[in-house]
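The values are calculated or read from the model by the stated rules, or taken from the named source; none is laboratory data. Not measured: the values here are computed from a predicted model. With ligands, DNA and RNA removed, areas are computed over all heavy atoms of the protein, side chains included. Shrake-Rupley method; radii C 1.70, N 1.55, O 1.52, S 1.80 Å.
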Amino acid sequence: MAERGLNSLAAVLEQTLKKLQLTDAALEARAMLLWGEMVGEQMARASEARTIRNGVLEITTRSSAWNQEFSFQKATLLRRYRERLGKEVVRDIRFAVGAVRGVPDLVATGTAPPREELKRLKLSEEENEKIRKASECSDPELSQAIRRALTREAQLRQWHLEHGARECPRCGSAYRQPFTLCPACRQDDATVDGEKGAGSRE
């Protein structure tokens, strides 16, 4: 319900912007709103459009695997923006790994394992099937990119779990702190408690 509401709001804002004589700033704001549509639902969940300055769109991605796949898709994404907006509003897209709001970390922090070790890790049939379903989309190129990123994330999570990380019982992510829940889930609990506390004071 909340997601549909946000999508509706984005659609209303986009229609409003279309009716206006768009300034460069308004076009850049529209480019930010269009990010999820440009990359599709699965890739949108792994990223967040943070800012756009002088035609440079800055995107945060939730892991190095996603960062790499987004970088591979940069030329395609720039072309989509040109086709959609009718001019070169987005001249460049820069990607950086960081926290994506509303998405728990799916891999543990710490020293990255050797790439050869990750390649040797075999995922279960169930895990591979989940990845296959999650990566289905109308664009074959994006579908492959999503599958590669999700596979690397799953392999990295498995490697960390095999090398001392804990598995969060709520979201399944791997983490290396001495708590029952991972940092993202503990932060969610703290936010909920804070909202309850705020409500009780009214």
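Before moving on, here are some points about what is shown:
- 3J(HN,Hα) couplings calculated from phi for the range 138-144 with the Karplus curve 6.51 cos²θ - 1.76 cosθ + 1.60 (θ = phi - 60°) are, in sequence order, 6, 9, x, 5, 5, 4, 5 Hz; Gly and Pro show x.
- Per-residue 3J(HN,Hα) values for the range 117-129, derived from phi via the Karplus relation 6.51 cos²θ - 1.76 cosθ + 1.60 with θ = phi - 60°, read 5, 5, 4, 7, 6, 9, 7, 5, 4, 5, 5, 4, 5 Hz in sequence order (x marks Gly and Pro).
- The range 47-170 - accessible surface per residue (Å², probe 1.4 Å): 59 Å²
- Most to least accessible of F95, F70 (protein chains only, probe 1.4 Å): F95, F70
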